[in-house]
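A short worksheet on the structure shown next.
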Amino acid sequence: MTEPVIAIVDYGRGNLGSVQKALARVDASSAVVVTDDRHVVEAARALVVPGDGAFADAMQSLERLGLVDAIRAHIEAGRPYLGICLGYQVLFTESEEFGHAKGLDVLPGVVRRFPAGLKVPHMGWNRLWARAPLPLLAGIPGGAYFYFVHSYYPEPVALEGCVTATCDYGVSFPALVARGACYGTQFHPEKSQGWGLRLLANFATLAGGGTPAC
């Protein structure tokens, strides 16, 4: 079997089919595979980790499949990673959802529930504002709309060496974080129509070793 360029990690969470179809739509030249096989994950040039549901359940599934160390090693090696929604949140140290659950601890911070008084989940279209140019957002204007569905958001302790793009929903939170080739989005690019497809196309370009065009 040819080693995949992009492996979409299947750990029992999230609409993997939508992500796979969206990637195939923007980058038919890359080998994209959905897998829960640790060896395939280790061999992939790039990982996409989607997901929705409970943080603790997600981490337990990743542990059970032997994928925690494989994902950490992939990120530490500087290979492209894209975490979507829950796949973004698990990058942080821990979550306060249903008590406390430990994450991958790639990024220092806590995933917190939106403050009382706000309607949760935060569902629908909202604007994204980048703090600095990002390859993942090449060709996407500031204030572009993306689609969100979440009740918890990451609150970083420190983001040294990171670039963020923020969204406002009662609080301002990092809806996108980039550190090297590791990216995470709180929103769902696969559900975000044109700009979401552009973001995925940019990631596919990065996965192939290229530079996205502005």
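The values are calculated or read from the model by the stated rules, or taken from the named source; none is laboratory data. Source: prediction; values computed, not measured. We place every Cβ from the backbone using ideal geometry, glycine too, and count neighbours over all the protein chains shown. Just the protein is used for accessible areas: all its heavy atoms, side chains included, with ligands, DNA and RNA removed. Shrake-Rupley method; radii C 1.70, N 1.55, O 1.52, S 1.80 Å.
Points worth noting:
- Dipole orientation for the chain: of the candidates Phe146, Thr185, Phe55, Phe146 has the Cα lying most toward the positive pole (charges on Cβ; Lys, Arg +1; Asp, Glu -1).
- For the chain, the fraction of alpha-carbon pairs lying more than 26 Å apart is 27 percent, rounded to a whole number.
- Each peptide in 83-89, 41-47 was scored by the mean count of other Cβ atoms within 10 Å over its residues; highest first, the order is 83-89, 41-47.
- Percent accessible area from carbon and sulfur atoms, segment 118-191, protein chains only, probe 1.4 Å: 54 percent
- Counting only DSSP beta bridges with both residues in the chain, the antiparallel share comes to about 60 percent.
- Ordered by solvent-accessible area of protein heavy atoms (1.4 Å probe), largest first, the residues Lys21, Lys191 come out as Lys21, Lys191.
- Spacing of the two label points (7 Å from each Cα toward its C-beta) at Val157 and Ala31, in nm: 4.0 nm
- Mean accessible surface per residue for the chain, computed with a 1.4 Å probe while every protein chain stays in place, in Å²: 43 Å²
- When the trypsin sites (Lys or Arg not before Pro) in segment 115-147 are filtered for DSSP coil states and for at most 11 other beta-carbon atoms within 10 Å of their beta-carbon, the remaining sites are Lys119.
- When all protein chains stay in place and ligands, DNA and RNA are ignored, the 1.4 Å accessible-area order of Ser192, Ser172, largest first, is Ser172, Ser192.
- Cα-centred dipole magnitude for the chain, charges only on beta-carbon of K, R (+1) and D, E (-1), debye, nearest 20: 600 debye
- Per-residue ellipticity at 222 nm computed for the chain from its helices equals -7500 deg cm²/dmol, with DSSP H segments shorter than 4 residues left out and the rest contributing -39,500 (n - 2.57).
- Dipole magnitude of segment 28-119 about its Cα centre (Cβ charges: Lys, Arg +1; Asp, Glu -1), debye to nearest 20: 240 debye
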